[in-house]
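Everything on this sheet refers to the single structure shown next.
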């Protein structure tokens, strides 16, 4: 069985409005150039965009996940731009797979487009020995289409800022896989199991009862997040845990790997969505600060206009909390993490080191402690 793990952010279907403000470009261009020089990158629009995201990564880490900021970058990333691939922070394996390239220092090289796939927003990683000569064998590589190319496939992505939140999501996946325990668990048992996100989607199609159960569970989490009465809130958490357990038991005979696979993807995608959301909150701070950094001479930079107010109830952002058939584990994990934050339950330092422990287990520990 081929053991390839592809981590992709799916389905941003927001409708965003934005207006461009070029006023600050000249006054901030030196700040942006300094960011590029920090990473020893060429002076180009792509470099300014990547430097912007890397600085955003540090801001998100400071606010929400300190470990995410321990490295300036998580590793190699490829930026697809027309007929070219721009490779930032190339490792030896990536360089070895390229026939021709032009190098700028140790952190950047330019080559012809490395594949003909028109859309990229993912981490590539394979554990299969038949892929030993591929640049993503046993080593994750981030891949991003340019802002302009992403907009061709997701029309609602109208700005570099929104694109940057998607990139932050993928960078966090790279951070996850840089954790030895997490990567080992992803390799075995997860990548060897028959059940995966594609078969989960098939389950929704085959069984019309599965989605209503999932959405009911998610609704318990959403209600608990908005409930001010702590007794009622804790009762809602218990209802969520009981409903989840009943569903897992109901499907465990036909799908014996369901719980293990679901737990893994709830952690993987829920935490990446959590970080994506935190990056939006940082951009909201930028939108309401007249001295915020801008990306010089970027026609897709919209002065953070769509982030002036980030409200999960608004149409532009409610996809983050909605449990859809293809991405329900994103929302379930995201909502559980927000609830754990509200409960002041420590989980972030443990989550990636112990990927076999599901996010729901931290909620169970919280409820069990109430009766001790």
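None of the figures in this text is laboratory data; all of them are computed from the coordinates on show. These numbers were taken from a predicted model, which means no experiment stands behind them. Cβ atoms come from the backbone with ideal geometry, glycine included; neighbour counts cover every protein chain shown.
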If you build the Cα gyration tensor of the range 230-311 and take the root of 5 times each eigenvalue, what three semi-axes come out, in whole angstrom, biggest first? 41, 18, 8
Stokes-Einstein diffusion coefficient for the chain at 4 °C in a medium of 1.567 mPa s, Rh from the Kirkwood formula over Cα pairs: what value in µm²/s? 60
Using alpha-carbon coordinates alone, the radius of gyration and Dmax of the range 220-372 in Å work out to 18.0, 60
Would you work out if the range 156-288 is rounded, prolate or oblate? Take a ≥ b ≥ c from the square roots of the eigenvalues of the alpha-carbon gyration tensor; rounded if a/c is under 1.5, else prolate when a/b is larger than b/c, oblate otherwise. oblate
Using alpha-carbon coordinates, inclination of helix 258-287 to the longest axis of the chain, degrees: 50
In which sequence would 88, 317 go, from the one with the fewest C-beta neighbours within 10 Å to the one with the most? 317, 88
Full extension from residue 208 to residue 103: what is 0.36 nm times the residue separation minus their Cα-Cα distance, to one decimal in nm? 32.5 nm
Take every Cα pair under 8 Å in the range 43-143 that's 6+ residues apart, average their separations, divide by the length, and report that relative contact order as a whole percent. 23
Counting other beta carbons within 10 Å of each residue's own, what order do 52, 204 fall into, fewest first? 204, 52
Restricting to Cα pairs below 8 Å that are 6+ residues apart, what does the relative contact order work out to for the range 4-371? Please round to a whole percent. 22
Rounding to the nearest 10 and keeping the result within 0 to 90°, find how far the Cα-based axis of helix 359-371 lies from the longest principal axis of the chain. 40
Against the longest alpha carbon principal axis of the chain, how many degrees, from 0 to 90 and to the nearest 10, is the axis of helix 25-38 turned? 80
The range 102-161, relative contact order in percent, only Cα pairs under 8 angstrom and at least six apart counted: 27
Stokes-Einstein D for the range 122-196 (20 °C, 1.002 mPa s, Kirkwood Rh from Cα pairs), in µm²/s, comes to 154
